[in-house]
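Notes to accompany the following structure.
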Amino acid sequence: MKIPPLYTLERYQKFKRQHIDKKVTAQKCTAVMKQKRISNNDNSCKETNTFILAAEKEVKSVCNGQGVYNKQSNFTESKKKFRLVICKLRKQARKPKCEYRGTCLTNRIIVVSCEQGLPVHYAGDHI
């Protein structure tokens, strides 16, 4: 197997930290966002973040035969449906007190960007 370039590996590591965690619950959004240090590039509170409740290999498989590539959008959609937790910033919350409200969704198709067989960007989800 060909080893992906360092840039792709770094993007994948960030994707994994920000989006893959099968233990997150809607009630734990604030704690998990803080623990994983998820914020905007300017270090302000991130408005919304989605966690995929699955093992790393399940999510990686979307880029390796378990997804459908869309040439027009350049994204890959999962064939399998996933459970998600969406963490949304509570109104008026500012650093260092970023507080989040979580929502659990089930049976969602995830949409990602793939590079070298690795998911590197979460583009969204749908039924």
Practice problem: Those residues that are more than 16 Å from the chain's Cα centre (by Cα) and farther than 13 Å from residue 62 by Cα, I need them from the range 101-127; list them, please. | Solution: 101, 127
Quiz item: Among the residues of the range 44-58, how many are touching a His at 6+ places or on another chain (Cβ under 8 Å) and either under 14 Å from residue 108 (Cα atoms) or surrounded by fewer than 12 Cβ atoms within 10 Å (Cβ to Cβ) (or both)?
Solution: 3
Quiz prompt | Among the residues listed as 70, 41, 107, the single one being closer than 17 Å to residue 15 by Cα and either surrounded by fewer than 20 Cβ atoms within 10 Å (Cβ to Cβ) or touching a residue at least 40 places away in the same chain (Cβ under 8 Å) (or both) | solution = 41
Self-check item: residue 80 vs. criteria farther than 22 Å from residue 13 by Cβ, at pLDDT below 95 and charged (D, E, K, R)
Solution: no
Quiz prompt | Boolean, residue 86 is in contact with a His (Cβ under 8 Å, 6 or more places away or on another chain) and at pLDDT 95 or above | solution = no
Quiz prompt | Within the range 74-113, tally of residues that are out of contact with any Asp or Glu (no Cβ under 7 Å at 6 or more places or on another chain) and hydrophobic (A, V, I, L, M, F, W, C) | solution = 9
Quiz item: Which of the residues that make up the range 76-104 are free of Cβ contacts under 8 Å to residues at least 12 places away in the same chain and either within 30 Å of residue 5 (Cβ to Cβ) or polar (S, T, N, Q) (or both)?
Solution: 92
Exercise. Taking only the range 38-73 into account, find how many residues are more than 12 Å from the chain's Cα centre (by Cα) and not small (Gly, Ala, Ser).
Key: 18
Quiz item: Has the range 5-27 got at least one residue that is touching a strand residue (DSSP E or B) at 6+ places or on another chain (Cβ under 8 Å), in contact (Cβ under 8 Å) with a residue 40 or more places away in the chain, closer than 14 Å to residue 122 by Cβ and of a type in the set (Ser, Thr, Tyr)?
Solution: yes
Quiz item: Residues in the range 19-32: is at least one of a type in the set (Asp, Glu) and either exposed (fewer than 15 other Cβ atoms within 10 Å of the Cβ) or not in a loop (DSSP other than H, G, I, E, B) (or both)?
Solution: no
Quiz item: With respect to residue 93, is the statement that it is over 22 Å from residue 123 (Cβ atoms), among the small types (Gly, Ala, Ser), at pLDDT 95 or above and surrounded by 11 or more Cβ atoms within 10 Å (Cβ to Cβ) true?
Solution: no
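The values are calculated or read from the model by the stated rules, or taken from the named source; none is laboratory data. Note that the coordinates shown come from a computational prediction; the quantities given were computed from them, not determined experimentally. Every residue, glycine as well, gets a Cβ built from its backbone with ideal geometry; the counts of neighbours run over all protein chains shown.
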